Amino acid sequence: MDRAWDAVAADLSQKKRRNLRKADEMGVTATEVPVTETALRSFAHAHDTHMDRIDGDGTSRAFLQALLTTIGDRIKLFSARVDGESAGELLAVVGHERDCLYLLFPAYDPEMFRYYPSEVLYRGAVQWGIDRGLTTCNYGDTTPDFDDGTYAFKSAFGGEPVATVRWERIGSRAGRLLSVLGGEGIVDRVRRPLARLTGR
């Protein structure tokens, strides 16, 4: 992001540039939303719904609350709007130490996909970062699978893969057994509803 948006846009796939033009023609905009307790609760509900729909991991309300409590001034919430109605949201965190904007958690309404909210939100967040002198943008984790929709989206939006190392410790014997027998998918299907019930 150490260049003007037009230069960044040139790295987008032709399809993404076309989708952004269509969104502009329909009047879809991305705006920064003040991060309040109410806004965060609303986002958490929309994020949970989105993650349930795509069978994704997402994050917990407790984690979002912890972000607000500890680094609230670094959290940025962007909303895609059309005719005053929300078409989706994206929560980001500013990492001043690395001059980076981390785009972490999305919340999209499938009924609004025809307005291209994901493209509009990513563009809005990147433009926001450019305007504030941030030099890099991290689109977040994805699987290294070229057929994965998230990987394809982030690549088409100019993202370049960077290898990461992930280590998780499963504290319970039952959890370790489930992981060995069925992989992460089973553990996540058990963990997610429990996390929602407990707020963790």
Being under 15 Å from the mean Cα position of the chain (by Cα) and among the polar types (S, T, N, Q) is true for just one of T59, T70. Which residue is that? T59
In the range 10-26, anything touching a helix residue (DSSP H, G or I) at 6+ places or on another chain (Cβ under 9 Å) and under 13 Å from V120 (Cβ atoms) is listed as L12, K16, R17, N19, L20, K22, A23, D24, M26
Pick from the range 65-114, criterion among the small types (G, A, S) and open to solvent by less than 30 Å² (accessible area, probe 1.4 Å), ranking: nearest to T150 (Cα to Cα): A107
Condition first: on the phi < 0 side of the Ramachandran plot and out of contact with any Gly (no Cβ under 7 Å at 6 or more places or on another chain). Now tell me which residues in the range 93-105 satisfy that. V93, V94, G95, H96, E97, R98, C100
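Per-residue answers, yes or no, for (1) of a type in the set (K, R); (2) open to solvent by 50 Å² or more (accessible area, probe 1.4 Å); (3) modelled with pLDDT under 90; (4) within 21 Å of the chain's Cα centre (by Cα):
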position: L134; (1), (2), (3), (4): no, no, no, yes
position: D145; (1), (2), (3), (4): no, yes, yes, yes
position: T150; (1), (2), (3), (4): no, yes, yes, yes
position: L177; (1), (2), (3), (4): no, yes, yes, no
position: V190; (1), (2), (3), (4): no, yes, yes, no
Can you go through Y139, Y122 and tell me which one is touching a helix residue (DSSP H, G or I) at 6+ places or on another chain (Cβ under 6 Å), at pLDDT 85 or above and closer than 18 Å to D11 by Cα? Y139
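Conditions (1) closer than 24 Å to T150 by Cβ; (2) open to solvent by 80 Å² or more (accessible area, probe 1.4 Å), marked per residue:
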{"position": "R3", "(1), (2)": "no, yes"}
{"position": "L12", "(1), (2)": "yes, no"}
{"position": "R21", "(1), (2)": "yes, yes"}
{"position": "E32", "(1), (2)": "yes, yes"}
{"position": "S42", "(1), (2)": "yes, no"}
{"position": "F63", "(1), (2)": "yes, yes"}
Quick one: how many residues across the range 116-154 are touching a Phe, Trp or Tyr at 6+ places or on another chain (Cβ under 8 Å), at negative phi and of a type in the set (G, A, S)? 4
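The values are calculated or read from the model by the stated rules, or taken from the named source; none is laboratory data. Because the structure is a prediction, the values reported are computed rather than measured. Note that we place each Cβ from the backbone using ideal geometry, even for glycine, and neighbour counts take in every protein chain shown. Heavy atoms of the whole protein, side chains included, go into the accessibility calculation; ligands, DNA and RNA do not. Shrake-Rupley method; radii C 1.70, N 1.55, O 1.52, S 1.80 Å.
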